[in-house]
Every structure is written in structure tokens, then in C-alpha cells.
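The values are calculated or read from the model by the stated rules, or taken from the named source; none is laboratory data. Just so it is clear, the structure is predicted and the values come from calculations on it, not from any experiment. With ideal geometry, Cβ positions are generated from the backbone for all residues, glycine too; neighbour counts draw on all protein chains shown.
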């Protein structure tokens, strides 16, 4: 399992990418919350709450770099917002992952075959899910 920032920093270094403080802080967020999905605005809010001043354009640029190296992947929601998550497929060698998106609140749950979908769907607070994507 790859869960340390060093793995990602080594890849960036080997590809002549700068190891900026902002880049490391964004990576830390994804590693601290491997099951969560973040919009750029949510990432900006998290950084602000940690007194890390990072421009919105810097966040977008870094997300593009992370996607290029398969650190993260994005999912487009029906409302046009794009959310990003740690790419568990490349990290954990998972063969299939689906996203269950609540049509009411927009919450995203990763479905990985190793997790019993019945356990997820029997939670009372998730009534109206649809499968959004299968990677």
C-alpha cells in the first residue's frame, strides 16, 4: 500500500516537477482523506482553514499535474462540479471502482468489489443512489 507522501514526491522529482509547498499540502489532504472527494473550492477551504494561502489557479494547476501522473482522478457531477479523489486503482491495484452518488445530497461513495454494496445501501441516510461511473 502506498500511503506516504514520499512515493508521490519521488515521482514528481523523477519527472522534473517542482516540489512546492502548495503541491505537498494538496497531496497531504488527499493522503489524509483517501476516501473523500474534493472540489477545488473544498480544497481551497481546507487550505485556508490550515492558514495555507494558495490561489485558486495554483490549486487547478496542481490538480492537472496530479491527474497527469495518476495520483488522483476526477468525477464530474450532474451539477457540473468536478470532484477529485486519490486514485486508488493505481495505488492499490484495484480492478474495478464505481461511484455511488446520492441524487439528493450529492455525497459520493466509492464502491469497490471488496466492499459489500448491500452494507452501503442499507444505511438509512442513503436512499436514492445511482451508479455514475465505472473505471
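Quick one: count up the residues across the range 28-42 that are under 16 Å from residue 108 (Cα atoms) and out of contact with any strand residue (DSSP E or B) (no Cβ under 6 Å at 6 or more places or on another chain).
First, the residues of the range 28-42 that are under 16 Å from residue 108 (Cα atoms): 30, 33-40, 42.
Within this subset, residues satisfying the condition of being out of contact with any strand residue (DSSP E or B) (no Cβ under 6 Å at 6 or more places or on another chain) are 33, 35-36, 40, 42.
Going through the range 28-42 one residue at a time, the tally reaches 5.
Is there any pair linking a residue in the range 86-108 that is farther than 24 Å from residue 26 by Cβ to one that is modelled with pLDDT of 65 or more and loosely packed, with under 12 Cβ neighbours inside 10 Å, with Cβ under 6 Å and at least six apart or on different chains, and which?
Hits for this filter: 103/128; 104/128.
Give the range 55-84 a look and list any residue that's in a loop (DSSP other than H, G, I, E, B) and under 19 Å from residue 106 (Cβ atoms), or say none. Show your work before the answer.
First, the residues of the range 55-84 that are in a loop (DSSP other than H, G, I, E, B): 55, 69-71, 77-81.
The answer is 77, 78, 79, 80, 81.
Taking only the range 44-83 into account, find how many residues are in contact with a strand residue (DSSP E or B) (Cβ under 8 Å, 6 or more places away or on another chain) and within 16 Å of residue 28 (Cα to Cα).
7
The rows are residues; the columns are (1) in a helix (DSSP H, G or I); (2) modelled with pLDDT of 95 or more; (3) outside the structural domain of residue 4 (by TED's automatic domain parsing).
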| site | (1), (2), (3) |
| --- | --- |
| 19 | no, no, no |
| 22 | yes, no, no |
| 26 | yes, yes, no |
| 31 | yes, no, no |
| 35 | no, no, no |
| 43 | yes, yes, no |
| 46 | yes, yes, no |
| 53 | no, no, no |
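For the range 1-19, what are the residues that are without any contact (Cβ under 8 Å) to a residue 12 or more places away in the chain and in contact with a helix residue (DSSP H, G or I) (Cβ under 9 Å, 6 or more places away or on another chain)? Write out each step before concluding.
Residues of the range 1-19 without any contact (Cβ under 8 Å) to a residue 12 or more places away in the chain: 6-7, 10, 13-14, 16, 18-19.
Hits for the range 1-19 are 7, 18, 19.
Is the range 57-78 home to any residue that is in the same structural domain as residue 37 (by TED's automatic domain parsing), more than 11 Å from the chain's Cα centre (by Cα), at pLDDT below 85 and farther than 14 Å from residue 37 by Cα?
yes
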